[in-house]
Amino acid sequence: MITSLSLQDPELDYIGVSKRDIFNSITLEDVKFFLESLGVDQIIVNNEKGYLVCPTICHNPLEEAESMKLYWYQQNKSFHCYTECNENMTIFKLYQKFMWINSNLNISDEEAEEYVKKCLKHINTVSTTKNYSYLYDIDKYRYSNNIPQLEEYPKKILTYFTKYYHPTWLREGITREVMDKFNIGFSIAQNKIIIPHFDIDNRLVGIRARTLNPEEIEEFGKYRPLQIGDIMYTHPLQFNLYGIYEHAAGIRTRRSAIIAEGEKSVLLDSVYYGKYANTVACCGSNFNKYHISLLTDYLGVNEITVAFDKEYTNCWDEKATKYRNKIESMCKKYTNLASFSYIWDYNNLLKEKDSPFDRGKEVFEQLYKTRVKIR
Ligand SMILES: [Zn+2]
């Protein structure tokens, strides 16, 4: 039986735990906790037989994963997908796949290891590392819907960045005033626009950065968590909405919210509507029950509009229809919580890949007026 090395050793520093140690000591409960931390809510554990079943998040975005065909086997400590992937994968590999599918992030082996470590309760409870905290505190569920409170980063870090209003963003219509409101900064050393993410209580829970280095864009994409030294200012995007704090007043007043994909849409909405702005971003192309719950349970929203990027050229062709079905089915899951609509570009006001906010206030209003209601 594999028991956990010197895990009882009070001197054990979790930093010293190697990948093999993690791998050997992982329990079914850890795997369940790991999956929950990603936002998976259908998990069947069979302790007796030593396995666990969950939806196939290995090849589907979280909200589309429905078929219960992904198994974890305690005996060989690996996942197996019985449909599309049809292969074994380690927990690290699954995390990498998940982050790629849901957040377009290329996670390194080290980052995957780091994340999985944070999910090992038995290791973390004996950790003597003082500064270490969980990715979130599992005991601090705040809402009825179990939205975990995320780890908080010291805000002091934000004072290290330059207050430089980057011309590319100014040109796109994001004003200085709004950049200040959202604490947008600039890192000269890394050549990146700094985008702090706050939770609903104004706690700094993550920092993402828009890189301006072409090589980095090629390798990792335009947006990714900021890293300074050893610290990666990452956070699980599935438990927070960008702009939820800054736009809370507008959302509460209007009792409605708009969910966009990217941070820039939130900033532009702020430019257009000031204190009545009500857009938040899920920072990906999926929203989940935690996102919806933040809006409905916490801010009293009863109408939600999905304003995702235009992923089609011709709004009637097959590609567009597929995209449309995806948005509609995501909305339909939550129609018991709020009424839903989504923006659809019938009149070709946007270019492909544009967000509905990208072509100015008039265009946005036109799109908003003709939004499609989910019935
Ligand atoms: Zn799969």
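Tabulated data
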{"read-out": "Condition check for Ile195: within 24 Å of Leu295 (Cα to Cα), at pLDDT 90 or above and surrounded by 22 or more Cβ atoms within 10 Å (Cβ to Cβ)", "value": "yes"}
{"read-out": "Residue in segment 59-66 that is modelled with pLDDT of 90 or more, in the same structural domain as Leu120 (by TED's automatic domain parsing) and either within 16 Å of the ligand (Cβ to nearest atom) or surrounded by 16 or more Cβ atoms within 10 Å (Cβ to Cβ) (or both) present", "value": "yes"}
{"read-out": "Among residues of segment 100-124, those that are hydrophobic (A, V, I, L, M, F, W, C) and not in a helix (DSSP H, G or I), counted", "value": "4"}
{"read-out": "Exclusive hit being out of contact with any Gly (no Cβ under 7 Å at 6 or more places or on another chain), at pLDDT 50 or above and outside the structural domain of Gly206 (by TED's automatic domain parsing), set Leu120, Leu135, Leu170", "value": "Leu120"}
{"read-out": "Residue list for segment 69-99, filter: of a type outside the set (Ser, Thr, Tyr), in a loop (DSSP other than H, G, I, E, B) and either surrounded by 15 or more Cβ atoms within 10 Å (Cβ to Cβ) or away from the ligand (no atom under 12 Å from the Cβ) (or both)", "value": "Lys69, Gln74, Gln75, Asn76, Lys77, Cys85"}
{"read-out": "Residue match in segment 205-222 (condition: touching a residue at least 40 places away in the same chain (Cβ under 8 Å), more than 19 Å from the chain's Cα centre (by Cα), part of a loop (DSSP other than H, G, I, E, B) and surrounded by fewer than 20 Cβ atoms within 10 Å (Cβ to Cβ))", "value": "yes"}
{"read-out": "Residue match in segment 36-54 (condition: within 19 Å of the chain's Cα centre (by Cα), within 11 Å of the ligand (Cβ to nearest atom) and either more than 19 Å from His235 (Cα to Cα) or not β-branched (Val, Ile, Thr) (or both))", "value": "no"}
{"read-out": "Residue list for segment 231-266, restricted to those being closer than 18 Å to Glu152 by Cβ and of a type in the set (D, E, K, R)", "value": "Glu246"}
{"read-out": "Contacts under 7 angstrom Cβ, first residue in segment 241-252 being part of a helix (DSSP H, G or I), partner polar (S, T, N, Q), 6 or more apart", "value": "Gly250/Asn278; Ile251/Asn278"}
{"read-out": "Check on Leu105, among the aliphatic types (A, V, I, L, M), buried (at least 19 other Cβ atoms within 10 Å of the Cβ) and out of contact with any helix residue (DSSP H, G or I) (no Cβ under 6 Å at 6 or more places or on another chain)", "value": "no"}
{"read-out": "Count of segment 327-360 residues which are assigned to a loop (DSSP other than H, G, I, E, B), under 23 Å from Leu62 (Cα atoms) and among the aliphatic types (A, V, I, L, M)", "value": "3"}
{"read-out": "Out of Tyr334, Tyr342, sole residue that is in contact with a strand residue (DSSP E or B) (Cβ under 9 Å, 6 or more places away or on another chain), modelled with pLDDT of 95 or more and closer than 21 Å to Asn102 by Cα", "value": "Tyr342"}
{"read-out": "Criterion: of a type outside the set (Phe, Trp, Tyr) and within 19 Å of Val363 (Cβ to Cβ) - qualifying residue of Glu303, Glu246, Glu263, Glu311", "value": "Glu311"}
{"read-out": "Pairs where the first residue, in segment 27-55, is closer than 22 Å to Met99 by Cβ and the second is among the charged types (D, E, K, R), C-beta under 6 Å, 6+ apart", "value": "Ile43/Lys32; Pro55/Glu66"}
{"read-out": "Selected residue (criterion: nearest to Ser329 (Cα to Cα)) from residues of segment 253-297 that are part of a loop (DSSP other than H, G, I, E, B) and not polar (S, T, N, Q)", "value": "Phe287"}
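The values are calculated or read from the model by the stated rules, or taken from the named source; none is laboratory data. Just so it is clear, the model here is predicted, and its values are computed rather than measured. In this analysis, Cβ positions are derived from the backbone assuming ideal geometry, glycine residues included, and neighbour counts consider all displayed protein chains.
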